[in-house]
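A.B. asks: After the structure tokens below, expect a handful of questions from me.
The values are calculated or read from the model by the stated rules, or taken from the named source; none is laboratory data. Treat the numbers as computed from the prediction; the structure is a model and nothing was measured. All Cβ positions, glycine included, derive from the backbone under ideal geometry; neighbour counts span all protein chains shown. Please note that ligands, DNA and RNA were not included when accessible areas were found on the heavy atoms of the full protein model with its side chains. Shrake-Rupley method; radii C 1.70, N 1.55, O 1.52, S 1.80 Å.
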Amino acid sequence: MSDVQVVVIGAGPGGYAAAFLAADLGLKTALVDPEVNPGGVCVYRGCIPSKALLHVAKLVDESRHAKAWGIEFGEPRVDLGKLRAFKDNVVKRLTTGTGQLAKHRKVQYLQGIAAIVDAHTLQVKLAAGREEQVRFEHAILATGSVPAIPPPLQLNDPRVMDSTGALDLPEIPSSLLVVGGGYIGLELGSVYGTLGSAVTVVEMTPGLLPGADRDLVDILAKRVKQTMKSVLLNAKVVELKPEETGIRVTFEGDVDPKQQTFSRVLVAVGRRPNSKIAGLEKTNVQVDQRGFIMVDEQRRTHEPSIFAIGDVVGEPMLAHKASHEGRVAVEVIAGENVAFAPRAIPAVVFTDPEIAWAGLTETQAAKDNRRVTIAKFPWGASGRAITLDRTDGLTKLILDPDSERLLGVGLVGPGAGELIAEGVLGIEMGANATDLKLSIHPHPTLTETMMESAEVFFGQATHVYRPKRG
């Protein structure tokens with residue numbers, strides 16, 4: 001029997017951030033997770049290993065691109081075992097580090113699976129075989145999400161993979177069908193495509209990355225069509241059938257032929273909340289129709305002693321959102337009057353080019369009939385983009401036409417995922433177009449495109465001629 005003030009169930013970026021802060025604030029803390037060290041899906045089977053592979057894919061792409069600059073390399077030879085080991089070592093280094101941090105902070109780490117006994121008690125089945133009961137004042141549920149596999153795509157065949165299986169790099173198949181044109185499918189599809197697979201992406205909506213602004217996605221879509229075998233839009237998979245030569249796929253929609261065979265299939269149609277926690281029904285915690293645990297702005301559930309954070313409480317399902325929610329929940333437990341109320345949560349798609357956005361999107365503004373002003377700066381006018389030979393990017397600002405306040409930022413191009421942080425800070429600080437215009441940015445850099453987008457708003461951009469209307 002353990003007695004703690006805070007127990008966190010799930011040790012992903014939300015869970016371990018919460019546990020570490022609780023310990024830093026002097027609260028006796030326990031952290032429960034099936035893995036040997038904290039990290040969760042993000043570090044073990046998601047964000048981190050995928051970015052390691054995407055880094056390698058980018059290197060291969062640039063080596064091929066270098067021919068246009070007068071430098072020619074031989075076609076790369078892929079040592080799959082060594083590549084897999086690199087990816088695994090990245091994960092090991094990070095999770096070993098989080099394990100050490102838990103020990104330094106004296107967080108009681110319980111490797112096992114938790115079941116709720118009542119609103120103040122857990123029963124943990126430890127990986128070592130025994131069971132331990134944990135009495136707590138407050139619990140934080142941070143159980144994350146799992147890949148969603150629709151029934152027609154559930155096939156007991158190792159050649160049909162979810163994102164976890166794809167990250168294991170079992171082989172480089174001659175042909176790969178990616179079901180789902182969202183960020184997971186496009187990121188992993190680009191890795192396999194760069195390594196040598198003929199990749200086909202199928203998406204049931206009219207465009208890739210549904211929900212993202214079309215002017216950003218269109219730039220990525222042009223490159224995807226060059227680097228992948230084909231992109232099938234307005235189409236869906238209705239049946240998967242295993243055959244000796246591969247997986248026979250039956251399509252519905254704008255596809256011809258309706259049946260095609262692929263060496264492997266990656267199902268990446270999204271994720272669902274992992275809210276089926278044993279014993280949850282013994283509490284007052286409520287789950288909505290989509291499977292998300294219901295919380296208030298302080299991340300408190302309908303059970304006063306239990307909080308919930310991260311993927312399990314709602315979209316966007318992003319690691320950095322979970323981390324901030326975890327910190328809010330702990331501060332509330334510690335007696336602070338705080339709430340999770342961000343003005344902007346950045347989203348990044350780590351494809352090539354990268355797409356990133358934060359705050360209000362142009363798409364959402366149109367849906368809400370909200371009047372906004374859009375200021376765009378094309379990277380074809382950026383000195384730094386030209387030196388990189390990557391002028392296909394775009395920076396845009398979504399601004400309030402009356403107050404000139406920054407409401408949203410959208411980016412597409414190499415490094416967009418790094419650049420978006422300035423947009424987040426600007427939105428959170430209530431910056432306006434003048435603030436961005438007058439902030440001196442280093443030259444030549446891609447960050448200048450933020451400043452020059454603000455100049456476009458005033459019709460005074462140095463490197464593009466766009467007089468202000470009216």
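A.B. asks: Hey, any idea what % of the chain's accessible area is carbon plus sulfur with a 1.4 Å probe?
C.D. replies: 51
A.B. asks: Same structure again: So between Ser230 and Ser174, what do we pick up on full extension, going 0.36 nm a residue minus the alpha carbon distance?
C.D. replies: Gain on stretching Ser230 to Ser174: 18.8 nm.
A.B. asks: To the nearest 10 square angstrom, what accessible area does Thr462 show with a 1.4 Å probe?
C.D. replies: The accessible area comes out at roughly 110 Å².
A.B. asks: Using the reciprocal of the averaged 1/r over all distinct C-alpha pairs, how large is the Kirkwood radius of the chain in Å?
C.D. replies: So the Kirkwood estimate lands at 24.1 Å.
A.B. asks: Another question, then. Taking loop as defined by DSSP and a crowding limit of 11 other beta carbons within 10 Å, which trypsin sites (Lys or Arg not before Pro) in region 92-156 fit?
C.D. replies: Lys106, Arg130
A.B. asks: To the nearest 20 debye, what charge dipole does the chain have about its Cα centre, counting +1 at the Cβ of each Lys and Arg and -1 at the Cβ of each Asp and Glu?
C.D. replies: That gives a dipole near 460 debye.
A.B. asks: Among all the aspartates and glutamates, which ones have a C-alpha under 16 Å from Lys28's C-alpha, if same-chain residues fewer than 8 places away are not counted?
C.D. replies: Reachable aspartates and glutamates: Asp3, Glu137, Glu331.
A.B. asks: Largest first, how would His463, His104 line up by accessible area (1.4 Å probe)?
C.D. replies: Ranking His463, His104 by accessible area, largest first, yields His104, His463.
A.B. asks: At a 1.4 Å probe radius, which order do Phe292, Phe73, Phe458 fall into by accessible area, largest first?
C.D. replies: Largest accessible area first, the residues go Phe73, Phe458, Phe292.
A.B. asks: Further, regarding this structure: Report relative contact order for the chain in percent, whole number only (criteria: Cα-Cα under 8 Å, sequence separation at least 6).
C.D. replies: Here the relative contact order equals 14 percent.
A.B. asks: Express the accessible area of the chain per residue in Å², computed with a 1.4 Å probe while the remaining protein chains stay in the model.
C.D. replies: Here the residues of the chain average 47 Å² of exposed surface.
A.B. asks: I want to make sure I understand the PRE zone here: with the label point 7 angstrom from the Cα of Thr445 toward its beta carbon, which residues in region 395-409 have backbone N atoms less than 20 Å away?
C.D. replies: Within reach of a label on Thr445: 395-397, 409.
A.B. asks: Something else about it: Pull out the extension gain between Gln133 and Ala198, defined as 0.36 nm times the separation in residues minus the alpha carbon to alpha carbon distance; nm, one decimal.
C.D. replies: Using 0.36 nm per residue and subtracting the Cα-Cα distance, I get 18.3 nm.
A.B. asks: Label points 7 Å out from Cα along the Cβ direction at His55 and Thr373: separation in nm?
C.D. replies: Each label point lies 7 Å from its Cα, and together they span 4.2 nm.
A.B. asks: Could you tell me the center-to-center distance, by alpha carbons, between region 173-188 and region 294-327 in angstrom?
C.D. replies: 30
A.B. asks: Amide H to amide H under 5 Å from Val8: which residues, 5+ apart in sequence or cross-chain, H placed 1.01 Å off N in plane?
C.D. replies: Residues meeting the criterion, in which the H sits 1.01 Å from N, are Ala30, Leu31, Val32, Ile140.
A.B. asks: Further question: Report Arg343's accessible area, 1.4 Å probe, all protein chains in place, as a number in Å² to the nearest 10.
C.D. replies: The accessible area comes out at roughly 130 Å².
A.B. asks: Could I ask something else about it? Just reorder Trp357, Trp379 by solvent-accessible area, largest first, 1.4 Å probe, all chains present.
C.D. replies: Order by accessible area, largest first: Trp357, Trp379.
A.B. asks: Enumerate the residues in region 248-281 having an amide nitrogen under 20 Å from the point lying 7 Å beyond the Cα of Glu239 toward its Cβ.
C.D. replies: 248-267
A.B. asks: Please calculate the 1.4 Å probe accessible area of Ile71, with all protein chains present, and give it to the nearest 10 Å².
C.D. replies: Ile71 exposes around 90 Å² with every protein chain in place.
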